[in-house]
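I have placed the structure first, in the form of C-alpha cells, so that the comments after it can refer back to it.
Derivation of every value follows stated rules applied to the coordinates shown; laboratory data play no part. Bear in mind the structure is a predicted one, so any value in this text is a computation, not a measurement. A quick note on method: Cβ atoms are made from the backbone with ideal geometry, for glycine too, and the neighbour counts reach across all protein chains shown.
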Amino acid sequence: MPMSDMSLPPLSLVPLGTEAQPHGGPPAAETAPTATYAWPVPPMPGYPAPLPITEPEPCELEGPNGKVSRGRLVVFDPLAAHVQVNIPPARGILPLKLTQFRRLTLTRPLSPLPAMSDDEFDATTPLLPQNLLQPCRLRFKNGDEVTVDTLGLIETPPGLFTFTPMDVDGRVLRNFFPRAL
C-alpha cells in the first residue's frame, strides 16, 4: 500500500507582504513602517503578555528640556537605539536617538485581563493595582529629578520601563526612560 506524501508544500521565496506590490514600487516598510518590539507590561499577574507593536501607537514624547509633544510611535527598538515618531503637524517620520528624549509614553492605556471570577473587590483588597504602587525617583544626568508612581519596574540596558496607574480598574500608561539621559 503506497504511503501518502505528508510533507509541507513548497515554500515561497517571495517575502511576505510583497505579493500584491507592483514591480518598481517602494517596499512596504518604507511606506508604512511599524514597530515590532514587544513593549513590556507590568511585572505582576493580571496583565496580558507583551505583544509586538504592529501599528503606530499614540504617544507622548518629553524632550531633554522637559517640553512634551504628542504624536505617534512608528518604530521602537530600544536595543538598537532606534526610535521613529510622527509629531504633527509634520508629515514625515522623525528618527530619534535615545539621547534626544527623556521619556516616551504610550498614551493608549493598557487594561488588565478580565477577572477570572465574579468576585467583588473593595479598595482594601491587597492585590488591587492602587495597593501595589511603588514610588520611583529618577535622576537625569543634567541633575533634574522626577518621582513617578509605578506598578512595577523593568530595567533593561537601554533604559527603564514604568507603568503609571490611571484608575482603580487597573489601566496603566506605559513609559520608557532612556538610560542615556
* To do: Quick one: which residues, 5 or more positions from GLY159 or on another chain, have an amide H under 5 Å from its amide H? H modelled 1.01 Å from N in the peptide plane, none for Pro or chain starts.
  => ARG179
* Asked: Could you state the per residue volume, in Å³, of the convex hull enclosing the Cα atoms of region 36-178?
  -> 117
* To do: Could you size up the charge dipole of region 37-121 around its Cα centre, putting +1 on the beta carbon of Lys and Arg and -1 on that of Asp and Glu, and report it in debye to the nearest 20?
  => 680
